[in-house]
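Working notes, beginning with the structure itself.
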Amino acid sequence: MLAMLRKRWFLIGLVLFISLGLTLGLRDPSFGQSLRTGLFRPRVIVMVVLLLMAFSLDTRQLGQSLRHPAPVLWASVVNSVVVPLLAWGTMRFQTIPDFALGVMIAGSVPCTLAAASVWTRKAGGNDAVSLFATLTTNSICFLVTPFWLNLATAQGVELDAHEMVMRLLQAVLLPTIVGQALRQVPSLGQFATVYKTPIGVVAQCFVLSLVFMASWNAGTYLHENAGGPGWGGVLLVWVTVIMIHLAAMLVAIGGSLLFGFSPRDHAAVAFAGSQKTLPIGVYLATDPKIFGDPNLLGAGLGVPFAVFPMLMYHASQLFIDTAVADAMASRRASGTRSEKTSDDRHRESRNRSAETSSPEAGGKLDESTAGPL
């Protein structure tokens, strides 16, 4: 039980904080509003999260990926082009605008900062590729994410592209650069290595605070409006994000096979190409200057449920990718055992052959091959 809690504490926290936020929002929306306007600053929290995550990333192993960049480029293309296109194609099928926009937000954000490399290592893959793809997609998201969101929502939502670019530069790129710069200081780099797990836990706790306030906001909306998205709409959008993730993973693996990448690169490309980061998605969905505007669709018409497709995508990818990583690791281990068994058989065959042809073993040398001596 304790081991399960250690492994799944973040998912358990997501469920608890979503439930608590919705409940409190329904019962006391005024307190949530005062908390959001007084203490809660999504952009500051995201900056802290990304600073901590970037600080904990060890980039010393990137040299190999720089020498062979094709897997990194393909993973980045899948994450930054294929997934947004898949998300865009499913927007029309969603039951409410919140979910349609939320699916597009989930599809447009960059790769996870740590999870892709963790699952790649778990699968026995090349985590240098996944790490480089992570840094690449996060470094260019201030351009990629606004591009896709403006393109997909051009007819229904007015977004300030320049404002979004500047806010992503400040909230994503700046803390990532600062975090990596701090890590280059030897004493700080050693600290980040030793305390990598606690740093990650602190960052995830900040993410849970974002989720909590987003859920409170949704609960407040439900308090003020009789209608909600309905269970049919929730189920549809959840199936949608799962299918997008699986499709992206298949495209990533298919391209890896087509381009002749190594088996270890297949795992890295699969995870880095299909995973999406939670903090940036929650930030985009809740920031009052972006999709968190309570009047985004008109007077009093916001999209408080736009954050939920991102939460669904992230939670689903954790479960799906755990199973995929285990399957890849098992297949790799069985392949390694088969190679070892084959090598052992060849070795034993050579040993038996040597024994039967050895004079000391009572064998008889073939004179035609014994040489002139």
For region 9-334 the mean separation of alpha carbon contacts under 8 Å (6+ apart) over residue count, i.e. relative contact order in percent, is 34
If LEU22, LEU246, LEU131 are placed from fewest to most neighbouring beta carbons inside 10 Å, the sequence is LEU246, LEU22, LEU131
Listed with the fewest Cβ neighbours within 10 Å leading, LYS276, LYS122 appear as LYS122, LYS276
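Above 34 Å lies some portion of the pair distances; for region 9-334, what is it as a whole percent of all C-alpha pairs? Working shown, then result.
Numbers: 10202 of 52975 pairs.
Summing the P(r) tail past 34 Å for region 9-334 gives 19 percent.
Can you put TRP148, TRP238 in order of Cβ neighbours within 10 angstrom, beginning with the fewest? Please list the in-between numbers first.
Working: TRP148 21, TRP238 18.
Result, fewest neighbours first: TRP238, TRP148.
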Computed on Cα atoms, the radius of gyration and Dmax of region 181-321 in angstrom are 19.1, 57
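Bear in mind these aren't lab numbers, they're just calculated from the coordinates by the rules spelled out. What you are looking at is a predicted structure, and each value in this text was computed from that prediction instead of being measured. Note: ideal-geometry Cβ built from the backbone for every residue, glycine included; neighbour counts use all protein chains shown.
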